[in-house]
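Participant: The structure follows.
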Amino acid sequence: MAGQLASAGYRMVDGPDGADFVLINTCAFIAAAQKESEQVIAEMLRLKTRRRLGGIIVAGCLPQRDGAGLLERFPQIDRVLGVFARNRIVEAADSLLGRRDNEQLSFCESGGPLPDDGLRLRVTPPHVAYLRIAEGCDRTCSFCTIPAIRGPYRSKPVDKVIIEAQRLIDSGAKELVIVAQDTSYYGVDIYGKPLLADLLARLDALSGLAWLRLMYLYPTHVNQDLIAAVAGLPKVLPYLDLPLQHIDDAVLRRMRRAVTRQQIEKLLDQVRESIPGLALRTTFIVGFPGETKQQFNALSNFVRAARFERLGVFCYSDEPGTRAAALEGKLPPQTILRRRQQLMAVQQQAAFAFSRSQIGKRLEVIIDAALPEAEDAYVGRTWADAPEIDAAAYVTGRGLQVGQIVKAEIVAARGYDLIAVAGQVLGDDNRDKPTDGQPMEASS
Ligand code: SF4
């Protein structure tokens with residue numbers, strides 16, 4: 001939407017104060033995300049009432065799910081666009097500014113043609129870009145509203161993804177983060193088989209790109225081809241985000257996850273064995289309806305043994321229209337919160353030990369930003385850290401530039417984060433596949 005507005009002549013400004021309009025792109029995945037979206041809407045409406053803001057357009061999952069209901073709750077919203085009406089953003093903005101007529105509400109069917117995301121105006125730092133390879137989801141996880149909001153799974157054709165990736169690289173992207181609701185299912189709908197491994201091979205061949213990172217892999221389609229691609233392709237980071245949600249078979253069944261504990265354990269053994277230096281990220285839901293103390297303890301023991309490098313824990317919340325919301329056995333919120341804290345405490349030991357184990361290694365670090373409060377100090381990330389959700393590596397070094405990939409010596413660990421001293425700056429010609437690093441040699 002930002003790209004379409006920019007190509008129609010709109011200019012993004014630093015903040016809402018004094019703007020012609022704000023565009024609020026919302027999330028409605030879980031209750032906490034909806035609350036955050038509504039807080040921003042309320043805040044912008046206050047600005048509008050004080051005449052410091054021209055108008056408000058709300059887009060994304062919240063209007064897609066709630067439709068006109070959103071306008072009943074917030075009647076002063078000027079325009080509402082569903083997820084698949086995002087190609088109408090310029091129409092909505094023009095009409096708001098009196099340049100043409102337009103309905104207040106714009107929606108398209110979730111099964112219609114996929115909107116073209118070729119025009120991009122990136123709000124991430126230039127060296128990092130998200131590359132969406134599909135929309136929607138064909139799974140039926142009982143806690144999840146996404147299939148109802150975003151419709152069935154639809155892959156972007158390979159050639160379209162490659163064109164989009166090339167444009168992102170041309171505009172400065174060194175790291176592409178591959179996203180979809182379920183990346184491992186890529187290709188099944190249009191090519192009749194999972195094709196993520198082939199797509200990765202095509203992306204890996206693009207020059208100017210340094211890192212490819214895979215998010216949101218549903219465990220059942222992580223096959224040998226994909227594991228081999230992650231292990232073998234030079235630019236694909238040995239990093240997998242594999243949301244598992246639970247480990248107890250009875251809970252997994254009630255969650256309608258098409259996978260068992262035995263299959264999960266087998267897959268984890270396979271990926272650990274086949275992908276050198278793998279950093280594994282996962283997420284779990286605690287407090288699912290009917291989750292007993294024993295089932296939670298089984299999850300906790302599993303997390304202790306699996307030693308995930310990165311892990312997130314969500315508190316279960318009832319989401320409108322889901323099967324889980326109708327299940328018996330809801331747990332009190334304080335029990336759910338306590339279980340989350342307990343599981344994070346278990347994980348913290350593994351994550352902190354992982355950080356300490358990096359001390360003395362030379363790792364590639366991508367520089368994300370300069371630290372304003374210190375000279376020659378920067379914040380970046382290693383292969384084990386996805387932007388915005390994982391840990392950081394704080395690097396000192398003379399004259400480093402944002403977006404560079406440097407080889408840095410890890411000299412200390414602070415909880416989840418690393419402290420490093422930069423050595424060599426790496427270009428395309430002197431980089432190897434990023435791994436968990438080598439022991440430190442004599443400093444250059
Ligand atoms: S695979 Fe992910 S997006 Fe799809 S239904 Fe399950 S949790 Fe939701």
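Participant: Out of (1) over 21 Å from Leu114 (Cα atoms); (2) surrounded by fewer than 16 Cβ atoms within 10 Å (Cβ to Cβ), what's the single condition that is false for Ala210?
Facilitator: (2)
Participant: For the stretch 176-274, please list each of the helices (runs of 4 or more DSSP H) lying entirely inside it that holds at least 1 residues being assigned by TED's automatic domain parsing to the domain that holds Val313, touching a strand residue (DSSP E or B) at 6+ places or on another chain (Cβ under 6 Å) and more than 16 Å from the ligand (Cβ to nearest atom).
Facilitator: Where helices (runs of 4 or more DSSP H) fall fully within the stretch 176-274 and carry at least 1 residues being assigned by TED's automatic domain parsing to the domain that holds Val313, touching a strand residue (DSSP E or B) at 6+ places or on another chain (Cβ under 6 Å) and more than 16 Å from the ligand (Cβ to nearest atom), they are 188-191, 196-204, 224-232.
Participant: Moving on. Kindly indicate whether Val365 is touching a helix residue (DSSP H, G or I) at 6+ places or on another chain (Cβ under 9 Å) and either acidic (Asp, Glu) or open to solvent by less than 30 Å² (accessible area, probe 1.4 Å) (or both).
Facilitator: In short, no.
Participant: Another question about this same structure. Of everything in the stretch 77-93, what is in contact (Cβ under 8 Å) with a residue 24 or more places away in the chain and more than 24 Å from the chain's Cα centre (by Cα)? Give them in sequence order.
Facilitator: Once the filter is applied, which keeps residues that are in contact (Cβ under 8 Å) with a residue 24 or more places away in the chain and more than 24 Å from the chain's Cα centre (by Cα), the stretch 77-93 yields Ile77, Asp78, Arg79, Val80, Val90, Ala92, Ala93.
Participant: Please state which one of Ile190, Ile162 is of a type in the set (Val, Ile, Thr), open to solvent by 50 Å² or more (accessible area, probe 1.4 Å), touching a residue at least 12 places away in the same chain (Cβ under 8 Å) and farther than 30 Å from Cys315 by Cα.
Facilitator: Ile190
Participant: Also, quick follow-up: Return only the number of the condition from (1) free of Cβ contacts under 8 Å to residues at least 40 places away in the same chain; (2) over 19 Å from the mean Cα position of the chain (by Cα) that Gln34 does not satisfy.
Facilitator: The number of the failed condition is (2).
Participant: Something else about it: Examine the stretch 258-268 for a residue that is closer than 30 Å to Ala210 by Cβ and buried (at least 16 other Cβ atoms within 10 Å of the Cβ), and state whether such a residue exists.
Facilitator: Checking the stretch 258-268: at least one residue is closer than 30 Å to Ala210 by Cβ and buried (at least 16 other Cβ atoms within 10 Å of the Cβ).
Participant: Kindly list the number of the only condition in (1) away from the ligand (no atom under 14 Å from the Cβ); (2) within 19 Å of the chain's Cα centre (by Cα) that fails for Asp116.
Facilitator: Here Asp116 meets the rest and fails (2).
Participant: Turning to a different aspect of this structure: Being assigned to a loop (DSSP other than H, G, I, E, B), open to solvent by less than 40 Å² (accessible area, probe 1.4 Å) and more than 16 Å from the ligand (Cβ to nearest atom), is that true of even one residue in the stretch 137-148?
Facilitator: no
For every residue, the table says whether it meets (1) touching a strand residue (DSSP E or B) at 6+ places or on another chain (Cβ under 8 Å); (2) at positive phi.
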{"site": "Arg307", "(1), (2)": "no, yes"}
{"site": "Cys315", "(1), (2)": "yes, no"}
{"site": "Glu328", "(1), (2)": "no, no"}
{"site": "Arg356", "(1), (2)": "yes, no"}
{"site": "Leu363", "(1), (2)": "yes, no"}
{"site": "Ile366", "(1), (2)": "yes, no"}
{"site": "Val379", "(1), (2)": "yes, no"}
{"site": "Asp385", "(1), (2)": "yes, no"}
{"site": "Ala391", "(1), (2)": "yes, no"}
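The values are calculated or read from the model by the stated rules, or taken from the named source; none is laboratory data. The structure presented is a predicted model; accordingly, all values stated were derived computationally and were not measured. Cβ atoms come from the backbone with ideal geometry, glycine included; neighbour counts cover every protein chain shown. Quick note on the areas: whole protein, heavy atoms, side chains included, nothing else; ligands and nucleic acids left out. Shrake-Rupley method; radii C 1.70, N 1.55, O 1.52, S 1.80 Å.
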